[in-house]
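K.L.:
Mind looking over this structure? Questions follow.
The values are calculated or read from the model by the stated rules, or taken from the named source; none is laboratory data. Nothing here was measured: the structure is a model prediction, and the numbers come from that model. Here Cβ is always computed from backbone atoms with ideal geometry, including for glycine, and neighbour counts include all displayed protein chains.
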Amino acid sequence: MRMTARTAVFAVTALLGVTALGGCSDGDGEGGSSPSPSPTAKNGATVQLRSTDLGKILVDGSGRTIYLFEADKSSKSTCDGGCAQAWPPVVVKGKAEPKAGAGVKSGLLGTSKRDDGERQVTYQGHPLYLYAGDDKPGDTNGQALDQFGAEWFVLAPSGKKITKGEQEKKRKEKPSEKPKNTDGGY
């Protein structure tokens, strides 16, 4: 009888484990889970405004901060591979067009074809990106970062980069050049 109870407990535990793992399938029969794409990646991207400590900035339809990459000298993106993983491009699928939220100038919105074939949203000719280091809507952790060969900035409704916060970040990144006067010694 004791063996039967253990066998039943084991069977129920195994069944629960299999059921839980079944919920991790991504539908391709391979199992495992995959991250859900952002709403801007699956639908027509919406660009809207948000007030932050940097001023009014462009954000996506979920409120996530949008950035420009200083290395992009035209509407064609120069960010791919590892760069595009850290700085996901804001894209539209199929024939969808980007949408302008309140305060965003629809005439400045456009798209440009990426090397991977996707259509990336542009604003005043700048390809637009999100930053993987922004954990929640309204975060601006990517502001003035120097990564992948150039700096990244949030955009004003005019389409111009906002440089506020740049000097503060540089001061934090560079140690003081002056040695501190201490009474330590030998």
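K.L.:
Limited to the stretch 129-149, what total is found for residues that are small (Gly, Ala, Ser) and closer than 17 Å to Val90 by Cβ?
P.N.:
The qualifying residues number 4.
K.L.:
For the stretch 85-131, which residues satisfy the criterion of being hydroxyl-bearing (Ser, Thr, Tyr) and in a strand (DSSP E or B)?
P.N.:
We begin by selecting, within the stretch 85-131, every residue hydroxyl-bearing (Ser, Thr, Tyr); these are 106, 111-112, 122-123, 129, 131.
If the condition is that a residue be hydroxyl-bearing (Ser, Thr, Tyr) and in a strand (DSSP E or B), then Thr111, Ser112, Thr122, Tyr123, Tyr129 are the ones that fit.
K.L.:
Taking the stretch 50-104 only, how many residues are of a type in the set (Ser, Thr, Tyr) and more than 14 Å from Gly142 (Cβ to Cβ)?
P.N.:
Start the filter on the stretch 50-104 by keeping residues that are of a type in the set (Ser, Thr, Tyr), which leaves 51-52, 62, 65, 67, 74-75, 77-78.
Checking which are more than 14 Å from Gly142 (Cβ to Cβ) leaves us with 51, 62, 74-75, 77-78.
Result for the stretch 50-104: 6.
K.L.:
I'd like to verify a number: residues in the stretch 141-166 that are under 24 Å from Gly81 (Cβ atoms) and in contact (Cβ under 8 Å) with a residue 24 or more places away in the chain, how many?
P.N.:
14
K.L.:
Determine if the stretch 37-45 includes at least one residue that is at pLDDT 50 or above and within 25 Å of Lys160 (Cβ to Cβ).
P.N.:
So far as the stretch 37-45 goes, yes, one or more of its residues are at pLDDT 50 or above and within 25 Å of Lys160 (Cβ to Cβ).
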